[in-house]
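What follows is one structure encoded as C-alpha cells, with my remarks underneath.
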Amino acid sequence: MRKVGVLLCAAAAIAIVSNGTPAQARPQYNKAFKETYGKKVGDEKVNCGVCHGEGGKNKKVVSDYAKEFAEALGGKNVKDDAKIVEALNAAAKKEYEPGKTYGALLEKGELPPPAK
C-alpha cells in the first residue's frame, strides 16, 4: 500500500512539472529598455511589468506597448541588440491614445500604460 502512495505522489509531481509552461525570460529586452529609457523613467521602475501584467507576474498578459514592440521586433527571442533597439524606437512612435505616443510618454519619465 505504501508503494502505491509513493508512486501516486511521484506521478503527480511529474505531471505538475511536465505540464507547466517553461519560463521564457527575455533579459535582452529588459536590458535594452533599461539602457534606452532607464535614466528617463528611473532604473528602479524598469522591470517585466513594463510589458507584462500584474507588475510582470503574469507573462500571459501583455500591454499594448508590448504588442507594438513585438510587432516591430518581428520574431521571438531576438538576440540582436540593434534589432531590439530598432523595435523599441518603432514602438515609441506608436500612439497609445490619439495624438499621444509612447515615446513622448517615456520622454516625460513615465512608463507605458500597464497591461489590462
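The values are calculated or read from the model by the stated rules, or taken from the named source; none is laboratory data. As the structure is a prediction and not an experimental result, all values here were calculated from the model. Every residue, glycine among them, receives a Cβ derived from its backbone with ideal geometry; neighbour counts consider all protein chains shown.
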Tell me, please, whether a residue that is among the basic types (K, R) and under 16 Å from H52 (Cβ atoms) can be found in the range 74-95. yes
Scanning the range 36-68 residue by residue, the ones that are at negative phi and without any contact (Cβ under 8 Å) to a residue 12 or more places away in the chain total 7
Which residues, counting only those in the range 90-107, are at negative phi, without any contact (Cβ under 8 Å) to a residue 40 or more places away in the chain and not hydroxyl-bearing (S, T, Y)? A90, A91, A92, K93, K94, E95, E97, P98, K100, G103, A104, L105
By residue number, the members of the range 55-74 that are within 12 Å of L88 (Cβ to Cβ) and either modelled with pLDDT under 95 or among the small types (G, A, S) (or both) are A66, A70, A72
Checking C9 against (1) surrounded by 10 or more Cβ atoms within 10 Å (Cβ to Cβ); (2) more than 19 Å from P113 (Cβ to Cβ); (3) at pLDDT 90 or above: exactly one of these is not met. Which one? (3)
